[in-house]
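> Take this structure first; my questions come after.
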Amino acid sequence: MDRYALLKINLALLLAACTSFSFSQKVPVPGRTVVSLNDQWDFSIDTLSKSGDNDAPKGLNWQKVNLPHTWNAADVMDDDHDYYRGKGWYKKTFKLNEADQSRRVFLYFKGANQQTEVYVNGQYAGKHSGGYTGFSIRAGNLLKYNGVANEIAVKVNNSLNEDIPPLTADFTFYGGIYRDVYLVSTNNIHFDDPDYGGGGVCVTTPTVSTQKAAVDIRSNIVNSGPTTASLQIVTLIQDQAGRQVSTQTSALKINAGQSSVITQHILSVSNPHLWSPDEPYLYTVSTRIYDARSHQLLDELSNPLGFRWFSFDAGKGFFLNGKAVKLIGASRHQDFEGLGNALPKQIQVHDIEMLKQMGANFLRVAHYPQDAALLEACDRLGIIASVEIPVVNTITESETFYHNCRNMVREMIHQNFNHPSILIWAYMNEIMLRPKFEKDKLRLEQYYKHVVELAQSLDDICRREDPSRYTMISNHGNFDLYNRTGLTAVPMLVGWNLYDGWYGKDINGFARFMDHAHQLMPEKPMLITEYGADADPRLHTDTPVRFDKTVEYAEHYHHIYLKEILKRPFVAGAAIWNLADFNSNLREESMPHINNKGLLTWNRQAKNVYYFYQANLLKSPFIKIASALWAYRTGTAVNDGDTTALQTIRVYTNLDSAQLCINGKLLGWQKAIDKQCQWQVPFINGENMIVVTAYDRGKTYNDDVRINFKLQPANLKRVTNPFTGINILLGSKRYFVDDFNHEVWQPDQPYQKGSWGFIGGVPYAVNNGRQSYGSDKAISGTANDPVFQTQQLGITQYRLDVPNGNYEITMDFAELMGSKTKDLAYNLSRSAGSQQSADRVFDVYINDKLTLEDFNIAEQYGKARAVSKKMQLVVTDDNGIRILFRAKKGEPVLNALQVKKIY
Ligand code: GCB
């Protein structure tokens, strides 16, 4: 764990002079100082140096940055399906006083991705492999202590390295020093964990009951001084109010240059206040080293302590402090819009606050250890956590890879050991998803054997390093493979990542899988470590289907999954994939580069599914209109002359029933079924105010939302509510709201007299076994990909029976056929299917005028590129707008159409 952050020092004061600070001798030297080195680094990408270069080459393009920093914050979102993976240099200067020379000074990096070399004053000081754990660089003897500037130069490299996990994964491997860096100075005698970056003090609770608890404090103490040290080790346990609960003093002698491990046993804390999600009560354990003779305080570390006992039962699930608790929560990536992985502490904490406010009690820290701030928040807020190392999809069968995995497991455990919220260590994710030798059966079996051997060695390390916690592996839904190869036998808990109804076709497969796995492995406790469906918050539909990426399909999916999970006591817990949307650079999707399975958007706005879980998990009264992110809507009046259009409004509540009122008109009460009420609501053109109300034990609970609605007349020539414009997605059943200017697009319809619609053709559907219409290809040249991802194939006409007047027409095209990308690692169903190329040439006439001649989208613009053709038109003949498509080769297409009345 991050002891440094827990030290009671006034960081703010020390931070004041960051660029060239010095440790002052005017105040007594504290046992330990920890000073942030986050400010004012010079940074440059390095595409010039050769391997083995010890310094940044000349000619780099330096800029000032503060840490946390990543060089990939922007390029992961551009149209290329690539981001910079290579070297970057960071440089910084600072000064030290002479007095520091007699102390131990080292640099502590909380995380740099993924290979780091550190140079101090031009000399090599140390290196680290792996992007998700902290490490210290012992630089003391390379530093200058006479008030002249010291220079640290740090080379970070995020290129693929076959010996360092992760090798492939569905997230972005941002490069840079993306967590804090500290300069730490201690006395010669101090706590230490030099090999694995921990603090040197490990707190365990060998026995806990409601009456009594025991605490063990194991400290590793180093004497780097020239003489034998006679010491007193004093441990103090305080409750939340700062009252002393227990203390213990032990004597210890350490010879010069030696280190020693001492374990103090505090045998009896009576009536301990237990730690649980409902009441995350924390004690503090302070461990101090005193000089036995002078009583001078030499070092001190503080750690949180939570008293709890827990177990997983294969048939009955999870138990905490003797009570059955269903673990429900989410996984989380360290990733935020515009920041990449370089997140300030506030965002880490805010994420856990959002998880808690959802009513969750579980966090899978996936797929790698994350910032200590996250786990401190879990301790404080009562979120049970599982932490894992990033061995994802595939391994390299090399000793160096194995060594790096083992090292990562040890670093993870040592650095996070004292978080009472952590109950599980995990070390592999879907490791048989991308085996390397699929065509060679014998070799493949050998590979599987190596995977299992590696798993066993990592599991052994976890159990040895920390016998107090459980171990886990998360697998994808190929039960037989994991079972037959013996991988399921290795960890104490088996996690399954299941996506039936998303990557898999049949949503009912989820329940079947859980029952089947439990039946065949009745002795093994089981968790669902992933489930989720993409929800692009800009996409909505009245007819949700798998892979339409709409908010509504995700609601349907989670509804079914949660029900099935709650039904089965043998499922100890479940983690939704994912708490928030995150970047996965290779992904195409409706929102390219983004995995949209978050309960929250990339910048942490709640989606409807978040409210769904609140209604299901919160114990306090809850009511919420599931529309907060769909405040701009459109719809067509059913009958000629109607001044309203009907649309569904869903409300999530844990109360019995609710009533809805739109624009002051009561629509009546609905009983909540499965925590939701639903109304068909008549929207008027313009602003609509919706208020829902529920009562519980004499109290009223409300929620309201303002929705801006654009009402399309059923008959476009109507003078009441006259036609002003329309945006139509062809070949689509989705509504799309453009984030930037709130343009709203609606699904197409077949042409009806008096109204509008297509004539001829069928909705385009990519043949990938997933989408029932449209494509998920990323479209270059637009941020509004869904406008271009569907189309009417073989269209012959488009008609809008608008009144006479002036119009601006925009026809949107993109060639959707033809392969552009390779099969991606996260494609769990592996059914990318054929991507036939199109050969199409057509003419377009608007009101009999040839507007596009010999139009060949692919040839003129390339594949999957947004092409918008805008023109003005005067309609004078009472015949509205008539767009005619004449095929010359292949089938004509139209992806979207915008018509605006201009005056
Ligand atoms: C998985 C992976 C996770 C992906 C997720 C998805 O099974 O473990 O890393 O992000 O599926 O969304 O495809």
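> What are the lysines whose alpha-carbon lies under 21 Å from the alpha-carbon of Lys436, with same-chain residues fewer than 8 places away excluded?
Straight-distance partners of Lys436: Lys449, Lys822.
> What is the mean projected area of the alpha carbon convex hull for segment 398-530, to one decimal in square nanometres? Walk me through the numbers before you get to the answer.
Numbers: hull surface 36.1 nm².
Taking the Cα atoms of segment 398-530, their convex hull projects to 9.0 nm² on average.
> How long, wide and thick is segment 31-187, going by the Cα atoms along their three principal axes, in whole angstroms, largest first?
Taking the Cα atoms of segment 31-187, the three principal extents are 53, 32, 26 Å.
> Calculate the all-directions average of the projected area of segment 563-681's alpha-carbon convex hull, and give it in nm². The partial results should precede the final answer.
Working: hull surface 42.6 nm².
Value for segment 563-681: 10.7 nm².
> From the convex hull of the Cα coordinates of segment 366-423, what is the mean projected area in square nanometres?
Details: hull surface 16.3 nm².
Spelled out: convex hull of the Cα atoms, projected over all directions, averaged, 4.1 nm².
> Moving to a separate point now. By average Cβ neighbour count within 10 Å, what is the ranking of 499-509, 808-818 from highest down?
Values: 499-509: 17.9, 808-818: 21.9.
Packing order, densest peptide first, comes out as 808-818, 499-509.
> Determine which lysines satisfy two conditions relative to Lys717: a Cα distance under 27 Å, and not lying fewer than 8 residues away in the same chain.
Within the straight-line cut-off, Lys717 pairs with Lys733, Lys753, Lys849, Lys869, Lys870, Lys900, Lys901.
> Ranked highest first by average number of other Cβ atoms within 10 Å, how do 748-757, 299-308, 440-449 line up?
Numbers: 748-757: 15.8, 299-308: 22.3, 440-449: 13.5.
Descending packing order for the listed peptides: 299-308, 748-757, 440-449.
> Taking the Cα atoms of segment 725-903 alone, what are Rg (to one decimal) and Dmax (as a whole number) in Å?
Every Cα atom of segment 725-903 included, Rg and Dmax give 16.3, 56 Å.
> Please report, as a whole percent, how much of the solvent-accessible surface of segment 31-187 comes from carbon and sulfur atoms (probe radius 1.4 Å). Walk me through the numbers on the way to the answer.
Numbers: 2490 of 5740 Å².
Heavy-atom surface of segment 31-187 belonging to carbon and sulfur, 1.4 Å probe: 43 percent.
> Let me ask something additional. Mind scanning Lys50/Lys127; Lys619/Lys675; Lys619/Lys665; Lys567/Lys597 and naming the pairs with a C-alpha gap bigger than 19 Å? Mind dumping the intermediate values first?
On the way: Lys50/Lys127 17 Å; Lys619/Lys675 12 Å; Lys619/Lys665 31 Å; Lys567/Lys597 23 Å.
Going by Cα-Cα distance, Lys619/Lys665; Lys567/Lys597 fall outside the 19 Å limit.
> Using 7 Å Cα-to-Cβ label points, what is the Thr810/Asp854 separation (nm, one decimal)?
2.8
> I've got another one for you. Kirkwood Rh, segment 639-684, all Cα pairs: how many Å?
Working: mean 1/r = 0.0876 Å⁻¹.
Hydrodynamic radius (Kirkwood, Cα only) of segment 639-684 equals 11.4 Å.
> If you don't mind, there's one more thing I want to ask. By how many nm would the segment from Thr263 to Ser468 lengthen if fully extended, with 0.36 nm per residue of separation less the alpha-carbon distance?
On the way: separation 205, 0.36 × 205 = 73.80 nm, distance 1.58 nm.
Extending this stretch completely gives an extra 72.2 nm.
> Further, regarding this structure: What angle, in degrees between 0 and 90 and rounded to the nearest 10, separates the Cα long axis of helix 608-617 from the longest principal axis of the Cα atoms of the chain?
Tilt relative to the chain: about 60 degrees.
> By how many nm would the segment from Ser270 to Ser51 grow when fully extended, if each residue of separation counts as 0.36 nm and the alpha-carbon distance is taken off?
72.9 nm
> Taking 0.36 nm per residue of sequence separation and subtracting the Cα-Cα distance, how much length would be gained by fully extending the chain between Gln357 and Asp515, in nm to one decimal? If you can, show how the numbers build up before the last one.
Details: separation 158, 0.36 × 158 = 56.88 nm, distance 3.09 nm.
Contour length minus Cα-Cα distance gives 53.8 nm.
> Mind jotting down the three principal axis lengths of segment 325-620 based on Cα atoms? Whole angstrom, largest first.
50, 40, 38
> For segment 219-281, state the semi-axes of the equivalent ellipsoid (square roots of 5 times the eigenvalues of the alpha-carbon gyration tensor), sorted largest first and rounded to whole angstrom. Mind dumping the intermediate values first?
Details: eigenvalues 214, 29, 19 Å².
Whole-Å semi-axes of the equivalent ellipsoid: 33, 12, 10.
> Per residue, how much space in cubic angstrom lies within the convex hull of the C-alpha atoms of the chain?
Details: hull volume 169.6 nm³, N = 903.
Per residue, the Cα convex hull of the chain comes to 188 Å³.
> Express the accessible area of the chain per residue in Å², computed with a 1.4 Å probe while the remaining protein chains stay in the model.
On the way: 34080 Å² over 903 residues.
Result: 38 Å² per residue.
> Turning to a different aspect of this structure: With only alpha-carbon pairs counted, each pair once and no self-pairs, how large is the Kirkwood hydrodynamic radius of segment 621-714 in angstroms? Spell out each step's value before the answer.
Values: mean 1/r = 0.0737 Å⁻¹.
Final number for the Kirkwood radius of segment 621-714 is 13.6 Å.
> Quickly work out the Phe740-to-Leu481 label distance, labels modelled 7 Å from Cα along the C-beta direction, and quote it in nm with one decimal.
4.1
> Semi-axes of segment 236-349's equivalent ellipsoid from the Cα gyration tensor, sqrt of 5 times each eigenvalue, largest first, rounded to whole Å? Let's see the in-between values first.
On the way: eigenvalues 239, 119, 46 Å².
The equivalent ellipsoid of segment 236-349 has semi-axes of 35, 24, 15 Å.
> At a 1.4 Å probe radius, carbon and sulfur cover how many percent of the accessible area of segment 621-714?
Working: 2010 of 4360 Å².
Its accessible area is 46 percent carbon and sulfur atoms.
> Modelling each spin label as a point 7 Å along the Cα-to-Cβ direction, I'd like the Ile560/Glu523 distance in nm, to one decimal.
Placing both labels 7 Å along Cα→Cβ, they lie 3.4 nm apart.
> So which aspartates and glutamates pass the test for Lys888, namely a Cα distance under 12 Å, with those fewer than 8 places away in the same chain ruled out?
Within the straight-line limit of under 12 Å, Lys888 reaches these aspartates and glutamates: Asp839, Asp843, Glu853, Asp854.
The values are calculated or read from the model by the stated rules, or taken from the named source; none is laboratory data. Values in this document were obtained by computation on a predicted structure and should not be read as measured data. A quick note on method: Cβ atoms are made from the backbone with ideal geometry, for glycine too, and the neighbour counts reach across all protein chains shown. For the accessible areas, the whole protein counts, side chains as well, though only heavy atoms, and no ligand, DNA or RNA atoms are used. Shrake-Rupley method; radii C 1.70, N 1.55, O 1.52, S 1.80 Å.
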